[in-house]
Amino acid sequence: PTAHKRALLKQYLESVLGLATDNNSNDGFSDLTRPSSPMAAGGANSGFSGNIPFATSEDGHEDGLELESQLSSGNRNEMGESREEKATATLSPSLGANSLLTCTALLCLVCYQIKPAPDGAAACRASKACASAMGIVRPKGNNAGIISNAAMAVCELVADRLLKEVSTSFSLLTGTSLSSTHNPISSSLNSHNRPTPGSASMEFVESAVWLLRSCGCHEKAIDVLQERMNSPAFRNASVGGGGGHALSLVGGSTGGGSSSWSQIKFDSYLATHLGELWSNKDDRCCQLVLLSSATKDLISRNPTLGLSVFTTIHPQNETEWKRMRPSDDPLAHPLYPPKVVKLLKSVTPHQGKIPHELEIAESFSSFSLRSGKAMGPLPVDSGRALAVSYLESATGIATGQPTSQSNNLDGGSGSSPPFHPGSSSRDEVDERKADMHDELAYLLLEGVISERGDEDRGEDSNLGSMYRFKLRRLLSWPNSRVRSERLLGSLPSSFLREHALLLGRLGRHEDALRILYSQENNLELALEYCDVRHERQQMRLEEIKTLGGGGDKMKSPANECAYIPLVKVALSSDPISDRGTAAAIQVLALRRDSIDKAAALRLLPKNIPMSSVVRPFLIPAVVENESQVRRLSVASSLLRSRYMQLKQKLTEAQLKSQATLHSALALKKLNLGDVLHSSKPTKARPVHAASPNYPAVMLVKHNFPRHLVIQAQVTNNSARTLADVAFVIAESSDEALVPTMEMPLKTVNPGATGSVWCVLAASPQRLDGAAFLTCELRFTVLEVDAATGTPLSFSEGANVATGFGRTYVEELQDIEVRHTEFG
């Protein structure tokens, strides 16, 4: 074909693929986003990927490939972000997966054949758009897919053709030189139409790699770049021609002129590709990452970047850990965490030893997790350091996994995750997690020991101190699942503080404190141990209160005072009794606001002089307790005043809500209809002598077509507060009037007026003459505050002897109801 025909074919294919050059764009790129699960989400008959719908009714079900969803937005890395910064391309809705691959491959081939110079930028744009639309494609397996073998063969042939023009020393399909390889695509070209290898742009290498990734040939794509980056001639060659997009593969510069394939950019692209395959969680993709020599080489050259292949999908902060599903736990898989650790341990990074200096030396003696913030990341200069960094990320100790309230310093073993159905039971998952926590502990222990020299005299080097700190942090972490008894048998006898932490995890606090106080001879360290335990006890008590736990849990042995064991150890372990007694008194004095004072005093020797306890402990404790009593009294008065104000407002609101016939909500719900007649207020008189606290009562009758509502306006003229005030119809002389509902008042303060209601169902047609209703007024007199006049208690029946808190029932004169009142 002529150059004009090739140009027309190129324009046609770009139009079909929706990648026609935008005149308003500098580089002709349309913005492209990589969708999630482009093919698999649509089922067997249809698929949809962002703006790219696919018709999957082609003959793509014959022993083809499977497509997998791409990385979630939360796990995007450097390469994924650079791709998503482009503008979206809208491909033709009539294209299926096979057609998309075939058209893209042909377009790349035509771009190479364009005269006067190959268009490498267009080839890169097309192949990259295709790979983005296809998502992560699984390597070929036994499952039927939607990419046919024919489309796959076309992509491989075109990729091989492009690669041969860049270098005659490599053939993708046969592994031989260009002169000994024959395929239908390369033989169709005349020799005078092929550019020389020197003029072939590295952009076509990028295009070939994207094509291979689009059809699931990930291993071949990695091998292509590996071979070229291992060749200095290709790695350092200048890129000529094209549109200057050779570095778009690795997010490099897209400006004009020449550029080169730097090692760091190649490593960045390779880490992105391997990370996407690993994040896919498909067994074949993960096995490819684990077994590929490119993975090991990448970790050796750039340990931090290589490690990110496996850690990118881990939660990176507390929020992500809380949102994580149990099935997504980095340690939940039965096979991959141990394999990753084995791989990392076998790698020896090429970079030399890095000098290490401590920022805060005092932090290494701390049992508190807060001290870990002073430490930087562990230098990844060995396979052991790589494995430690991976396990710290997977366990969450380095990325802010929320700590459980189960206190490992009280003998707990950490909380278990919620059970999730699957191939493994919760016990099996917990066992695997414990194995990985043990592995991390042993690696850290190995790091401490290996960094010691013969002339160090038992002192840690800077790097050894970092390992020791991380070991102590792991052993004191509430979520740690380290098997304490097993690790105790492996610890050297000189690791005293580590022994103390493990004994604390087993609940043997006195033994742990005996090590810190007697063998380490450090009372401050023993106090710090008790402080951490006390803090965790308080956190657990708050959790129990929040969940409504009983008092038995709060009084369990694990919740005993955290400082009492230290007092016991100081009194029993010190060979000099006076010094042990002084240390015990010092503990009482320093932690008098947290310690159980009575229990601690009972432990002191009976012959101890009072003067030795009074000045450092008793007097300050009494002064603080008196001050606390005053503070609590003031706070109690303020809270009670606030409570009374709110109670007064509540009472006034209730009185107002029941003041009239139209404001009472309960009456509105009865749908009484229109009122027929309302009587004049009449004073209700008691039948017998009224009690001293009897209120004034005015009665009003409201007649409705089928109801009679009696309103009793109660005015409290006494100095006492009335509670549970109710007007009750005790008896009706006619069955035509039947009581159905009562509306009492909760509280009526002195001098206040409120309305109580009684509703009767009425049958006026059955009412002969007049009917008489026997009425009662019931109320309770409450005790009040002498200063404020507000009731001191709203509970029933307090002091019957004095008449406060007593319930009264006052019988009132009968009410007469006539038939004519309903007319």
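Just a few scattered comments:
- Number of the condition not met by PRO750 [criteria: (1) free of Cβ contacts under 8 Å to residues at least 40 places away in the same chain; (2) within 21 Å of GLN813 (Cβ to Cβ)]: (2)
- Candidate set: region 316-351, residues that are small (Gly, Ala, Ser) and assigned to a loop (DSSP other than H, G, I, E, B); chosen: the one most open to solvent (accessible area, probe 1.4 Å): SER346
- The criterion of at least 1 residues that are touching a residue at least 40 places away in the same chain (Cβ under 8 Å), under 34 Å from the mean Cα position of the chain (by Cα) and more than 21 Å from ILE564 (Cβ to Cβ) is met, among helices (runs of 4 or more DSSP H) falling completely within region 432-547, by 462-476, 484-488, 496-505, 523-547.
- Within this structure, GLU776 passes the test of being within 30 Å of ASN671 (Cβ to Cβ), charged (D, E, K, R) and either open to solvent by less than 60 Å² (accessible area, probe 1.4 Å) or at pLDDT below 65 (or both).
- Only one of ALA512, ALA526, ALA570 that is of a type in the set (A, V, I, L, M) and farther than 21 Å from ASP593 by Cα: ALA512
- CYS130 vs. criteria at pLDDT 85 or above and either touching a Lys or Arg at 6+ places or on another chain (Cβ under 6 Å) or surrounded by fewer than 24 Cβ atoms within 10 Å (Cβ to Cβ) (or both): no
- Taking each residue of region 616-633 that is under 22 Å from ALA583 (Cβ atoms) and looking for partners that are assigned to a helix (DSSP H, G or I) and of a type in the set (S, T, N, Q) with beta-carbon atoms closer than 8 Å, six or more apart or interchain, yields PRO616/GLN586.
- A single member of ASP724, ASP734 is among the acidic types (Asp, Glu) and either at pLDDT 95 or above or in contact with a Pro (Cβ under 7 Å, 6 or more places away or on another chain) (or both), and it is ASP724.
- LEU291, sole failed condition from (1) modelled with pLDDT of 75 or more; (2) touching a His at 6+ places or on another chain (Cβ under 7 Å): (2)
- Subset of region 637-692 (residues that are in contact with a Leu (Cβ under 9 Å, 6 or more places away or on another chain), part of a helix (DSSP H, G or I) and small (Gly, Ala, Ser)): SER657
- Boolean, LYS553 is more than 19 Å from GLU524 (Cα to Cα), part of a helix (DSSP H, G or I), out of contact with any Leu (no Cβ under 6 Å at 6 or more places or on another chain) and modelled with pLDDT under 90: yes
- Residue ID - farthest from GLN765 (Cα to Cα), chosen from residues in region 669-705 that are surrounded by 15 or more Cβ atoms within 10 Å (Cβ to Cβ) and hydroxyl-bearing (Ser, Thr, Tyr): SER691
- Total residues in region 730-755, condition assigned to a strand (DSSP E or B), more than 60 Å from the chain's Cα centre (by Cα) and under 23 Å from LYS680 (Cβ atoms): 2
- Flag for VAL738 being farther than 18 Å from ALA659 by Cα and β-branched (Val, Ile, Thr): yes
- Complete set of residues in region 318-339 that are under 16 Å from ILE397 (Cα atoms) and within 8 Å of the chain's Cα centre (by Cα): GLU318, THR319, GLU320, TRP321, LYS322, MET324
The values are calculated or read from the model by the stated rules, or taken from the named source; none is laboratory data. Source: prediction; values computed, not measured. Backbone-built Cβ (ideal geometry, glycine too); neighbour counts: all protein chains shown. Note: accessible area is taken over every heavy atom of the protein model, side chains too, but ligands, DNA and RNA are not part of it. Shrake-Rupley method; radii C 1.70, N 1.55, O 1.52, S 1.80 Å.
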